[in-house]
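J.: Okay, handing you the structure first.
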Amino acid sequence: MQLTSFTDYGLRALIYLATLPEGELTSITKVTEVYGVSRNHMVKIINKLGQLGYVDTVRGKNGGIRLGMPAERIVIGDVVRAIEPLQIVNCSEDFCHITPACRLKEVLFSARQAFLAELDQHTLSSLIDDNPPLRVLLEQPVA
């Protein structure tokens, strides 16, 4: 299973925000520099994460972005469910004539459930705690 770049960079943005001191603000520009991704793409991602409560956006001259809740409360499976389409294949009868007899859709459904169950075992905090090499890498913008 491959996540969309939207979800991929959404998770990366959350990882970056989780490494900041609690309450510290940063900018979308800083996040885009760290990962070398389009600012326009990241604006859309941060907007969605903000709507979901994962990111807090502060407007104004001294504004910025930060985590919207503690990293230990952000379950990776929940984030993926909220922003990833998760439809592996199109099993509508209009698209595939074998759908009524096809067993593949059940196998793929089970695989997706197992994938999400694994992601549910991890919080944002578990990805960053006791990970000094991650913090070093995040301080180095992509060239």
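J.: Is it true that some residue in the stretch 107-114 is more than 30 Å from PRO141 (Cβ to Cβ) and touching a Leu at 6+ places or on another chain (Cβ under 7 Å)?
T.: yes
J.: Evaluate the stretch 111-123: report whether one residue or more is open to solvent by 50 Å² or more (accessible area, probe 1.4 Å), among the acidic types (Asp, Glu) and more than 18 Å from LEU14 (Cβ to Cβ).
T.: No, every residue in the stretch 111-123 fails to be open to solvent by 50 Å² or more (accessible area, probe 1.4 Å), among the acidic types (Asp, Glu) and more than 18 Å from LEU14 (Cβ to Cβ).
J.: For the stretch 23-68, enumerate the residues that are touching a residue at least 40 places away in the same chain (Cβ under 8 Å) and not basic (Lys, Arg).
T.: GLY23, GLU24, LEU25, THR26, GLU33, VAL34, TYR35, GLY36, TYR54, VAL55, ILE65, LEU67
Residue-wise test of (1) within 14 Å of LEU17 (Cβ to Cβ); (2) more than 16 Å from the chain's Cα centre (by Cα); (3) of a type in the set (Lys, Arg).
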{"residue": "HIS41", "(1), (2), (3)": "no, no, no"}
{"residue": "GLU72", "(1), (2), (3)": "yes, no, no"}
{"residue": "VAL80", "(1), (2), (3)": "no, no, no"}
{"residue": "ILE128", "(1), (2), (3)": "yes, no, no"}
{"residue": "VAL136", "(1), (2), (3)": "no, yes, no"}
{"residue": "VAL142", "(1), (2), (3)": "no, yes, no"}
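J.: When you go through (1) over 19 Å from LEU116 (Cβ atoms); (2) surrounded by 12 or more Cβ atoms within 10 Å (Cβ to Cβ); (3) modelled with pLDDT under 90 one by one for PRO100, which number turns out not to apply?
T.: Against the list (1) over 19 Å from LEU116 (Cβ atoms); (2) surrounded by 12 or more Cβ atoms within 10 Å (Cβ to Cβ); (3) modelled with pLDDT under 90, PRO100 comes up short only on (2).
J.: Quick one: GLU24 ticks every box in (1) open to solvent by less than 50 Å² (accessible area, probe 1.4 Å); (2) out of contact with any Leu (no Cβ under 8 Å at 6 or more places or on another chain); (3) within 24 Å of VAL136 (Cα to Cα) bar one, so which box is it?
T.: Unmet condition: (1).
J.: Answer yes if at least one residue in the stretch 129-139 is free of Cβ contacts under 8 Å to residues at least 40 places away in the same chain, assigned to a helix (DSSP H, G or I) and under 20 Å from THR7 (Cα atoms), and no otherwise.
T.: Scanning the stretch 129-139, I find no residue that is free of Cβ contacts under 8 Å to residues at least 40 places away in the same chain, assigned to a helix (DSSP H, G or I) and under 20 Å from THR7 (Cα atoms), so the answer is no.
J.: Give the residues of the stretch 41-87 that are modelled with pLDDT under 95, more than 17 Å from LEU25 (Cβ to Cβ) and open to solvent by 80 Å² or more (accessible area, probe 1.4 Å), sorted by residue number.
T.: Scanning the stretch 41-87 gives PRO85, GLN87.
The values are calculated or read from the model by the stated rules, or taken from the named source; none is laboratory data. Worth saying up front: this structure is predicted, and the values here are computed from it rather than measured. Positions of Cβ are generated from backbone atoms using ideal geometry, with glycine treated the same way; all protein chains shown enter the neighbour counts. Ligands, DNA and RNA are excluded from the accessible area calculation, which covers all protein heavy atoms including side chains. Shrake-Rupley method; radii C 1.70, N 1.55, O 1.52, S 1.80 Å.
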